[in-house]
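The values are calculated or read from the model by the stated rules, or taken from the named source; none is laboratory data. Remember, predicted model here, so these are calculated numbers, not experimental data. Backbone-built Cβ (ideal geometry, glycine too); neighbour counts: all protein chains shown.
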Amino acid sequence: MTDLKSLTLSQLKEEMEKMGEKPFRAKQLYEWMHVKLARGYEEMTNIPKSLIEKCKENYDYTSVKEAMVQTSAIDGTKKFLFELSDGNYVESVWMQYHHGNSVCISSQVGCRMGCRFCASTLDGLERSLLPGEMLDQIYAIERSTGERVSNVVVMGTGEPLDNYDNLLQFIRMLSDENGLHISQRNITVSTCGLVDRMKQLADEKLQITLALSLHGSTQEKRQELMPIAKRYHIQEVVDACRYYFEQTGRRITFEYSLVGGVNDTEEDAENLCKLVGDLNCHINLIPVNPIKERDYIESERKDILNFQNKLEKKHINVTIRREMGRDIDGACGQLRRRMSAKS
């Protein structure tokens, strides 16, 4: 059955008309789902019982269940494990910054991209999430924390551009003035580099930030860490980023996980400068989060600072990501794997 929470307002109006209901009922339902964050029909006090029965018969109603919450003793970051209606689990993270609250959500159950340092991909892809399932992670976190979310990052489990149509619907609904109305400029979508989809996204001319998981300064280094590099050459991926900037005017973010002894040398920094130095970009250096299934280690602090210094000397905008929730299975996929191992 169609998921009611995944329908845009205009789609919902069409569905109401098909059922012989007045269009304003669509607005009421939409508000209950996307503004008042109703967990189910029983909370919708101004909707006639007859319409609720019709909806129950004809539509699914996404409502993720909070299976576990871990709160960091270090910085208050919260990691949520949500159970979906089919028994699968996804992870989301809530982070407090001085500029507002950010939520990192998942776009798929598992992932098929195979990045070597990521726990999300170890069991492969189970399925993609519906727009309503992506939205409801945010809604559940707002209900749980009692705080408004101002920034959303699609950077949890899964490759967002591998779930392209649902992702696009999610972005439009999240930024819709009839819902949470989060500015597209406060939405970031991360990709490992699906070039065709990156170009397609650029042509949509949305105002979201595109973040590319680069993680290597040369084709050889990137291929070692990311199997997707066998399909798309590093230069092809960077050219797609350039195209995205040309189409949208939005500065590109490059995510670069520093792995000790693998991609954190002075030569790597020099090669990275040559690769992206002419782009309007920001480089986010990420000390890799070790996972027990791989033998990668975090770079030493002095190497991280030296790497940053090399980029700054070339006038490249660079930051070292503040490590959030390291004490609560902070890396993507760790909590879900622990839960799966129990069952």
*Does residue 283 fit the bill of being touching an Asp or Glu at 6+ places or on another chain (Cβ under 9 Å), among the hydrophobic types (A, V, I, L, M, F, W, C) and either within 25 Å of residue 167 (Cβ to Cβ) or surrounded by 20 or more Cβ atoms within 10 Å (Cβ to Cβ) (or both)?*
yes
_Tally, over the range 246-275, of residues that are touching a Cys at 6+ places or on another chain (Cβ under 8 Å) and not in a loop (DSSP other than H, G, I, E, B)_ = 3
*Quick check: is even one residue across the range 288-309 at pLDDT below 75, within 26 Å of residue 94 (Cβ to Cβ), touching a Ser or Thr at 6+ places or on another chain (Cβ under 6 Å) and of a type outside the set (A, V, I, L, M)?*
no
*asked:* Restricting to the range 218-246, and then to whatever is within 18 Å of residue 111 (Cβ to Cβ) and of a type in the set (Lys, Arg), can you tell me which residue is surrounded by the most Cβ atoms within 10 Å (Cβ to Cβ)?
replied: 222
*Breaking point among (1) in a strand (DSSP E or B); (2) of a type outside the set (Asp, Glu); (3) in contact with a helix residue (DSSP H, G or I) (Cβ under 8 Å, 6 or more places away or on another chain), for residue 46*: (1)
*May I ask you to list the residues in the range 181-228 that are assigned to a loop (DSSP other than H, G, I, E, B) and under 17 Å from the mean Cα position of the chain (by Cα)?*
182, 183, 192, 193, 194, 206, 207, 208, 214
*Please go through the range 128-171 and pick out each residue that is in contact (Cβ under 8 Å) with a residue 24 or more places away in the chain, under 22 Å from residue 77 (Cα atoms) and outside any helix (DSSP H, G or I).*
147, 148, 149, 150, 151, 152, 153, 154, 155, 156, 157, 158
*Out of 44, 68, which single residue is touching a residue at least 40 places away in the same chain (Cβ under 8 Å) and not charged (D, E, K, R)?*
68
*When you go through 38, 26 one by one, which is the residue that is at pLDDT 95 or above, crowded, with 18+ Cβ neighbours inside 10 Å and over 21 Å from residue 182 (Cβ atoms)?*
26
*asked:* On the basis of being surrounded by fewer than 19 Cβ atoms within 10 Å (Cβ to Cβ), out of contact with any Cys (no Cβ under 9 Å at 6 or more places or on another chain), charged (D, E, K, R) and not assigned by TED's automatic domain parsing to the domain that holds residue 166, does residue 13 make the cut?
replied: no
*Taking the range 172-213 only, how many residues are closer than 17 Å to residue 240 by Cβ and either in contact (Cβ under 8 Å) with a residue 60 or more places away in the chain or of a type in the set (Asp, Glu) (or both)?*
8
